[in-house]
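A short worksheet on the structure shown next.
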Amino acid sequence: MELLEKLKWRYATKKMNGEKVPQDKIDRILEAARLAPTSSGLQPFEIFVVTNDAIKERIKPVAWNQSVVTQCSHLLVFAAWDTYTEDRINYMFDLTNELRGFKNEGWENYRKQLLKIYPKQDAEVNFNHAAKQAYIAFTTALTAAAFEEVDATPMEGFDADAVDAILGLREKGLRSSVLLPIGYRDASEDWLVDMVKVRKSKDDLVTIVD
């Protein structure tokens, strides 16, 4: 019930007041994103946490001049792998074996299966798949922010190529997929703050197949 109440409280904040979010809350939001599930456990993305005001100012005009980019406490940039490579796949499988302390024949066979499929696919197909995984972590971070009573604004409205250039993502084999400014709402300036949350009814949204 507590989580549902927090989700009812949250909304896509349009104006933030510039107040800094305490580091412990930031850490928990990022940890929630780190713990999010991903396909085959590959975690094919990275999260860039932008606190530098000058960089925020550079991103704002390529993000439709949305004020929350510069008003937020932290700007999270979810950047997906530009493609799947043998090295990237092997790294995550090797990490799994290291942390679990043993090798599993079924797991190793699954590694071979992925190595036969992903690196041979078109890079754009692979990026789109990786971006979907980044969205899972993004949504988890959004939910965690609500739980922490930290405001957040999901943002797809930005020039991804420009953001990639500003942060040097392409050189790292990454491409930006979604932005998440987090901070605290400016209730006196945000036209959306008191608006009723509009969602489909459960009957319209959910179909039970039994």
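The values are calculated or read from the model by the stated rules, or taken from the named source; none is laboratory data. Source: prediction; values computed, not measured. Counting neighbours? That spans all protein chains shown, and the Cβs are built from the backbone with ideal geometry, glycine included.
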(1) under 30 Å from P22 (Cβ atoms); (2) touching a Leu at 6+ places or on another chain (Cβ under 9 Å) all hold for K172 apart from (2)
Practice item. Test K15 against the stated conditions and say whether it is in the same structural domain as R199 (by TED's automatic domain parsing) and within 19 Å of the chain's Cα centre (by Cα). Key: no
Residues of the stretch 1-47 being under 30 Å from L114 (Cα atoms) and either touching a Pro at 6+ places or on another chain (Cβ under 9 Å) or of a type in the set (G, A, S) (or both), in sequence order, are A32, A33, A36, T38, S39, S40, G41
Residue pairs within 7 Å by beta carbon, gap of at least six or interchain, first lying in the stretch 172-192 and among the polar types (S, T, N, Q), second assigned to a loop (DSSP other than H, G, I, E, B) and at pLDDT 95 or above, listed first then second, are S176/L169
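Residues to consider are T70, T83, T13; find the one that is in contact with a Ser or Thr (Cβ under 6 Å, 6 or more places away or on another chain) and among the β-branched types (V, I, T).
T13
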Of all helices (runs of 4 or more DSSP H) fully inside the stretch 53-142, the set with 3 or more residues that are within 25 Å of L192 (Cβ to Cβ) is 53-59, 68-71
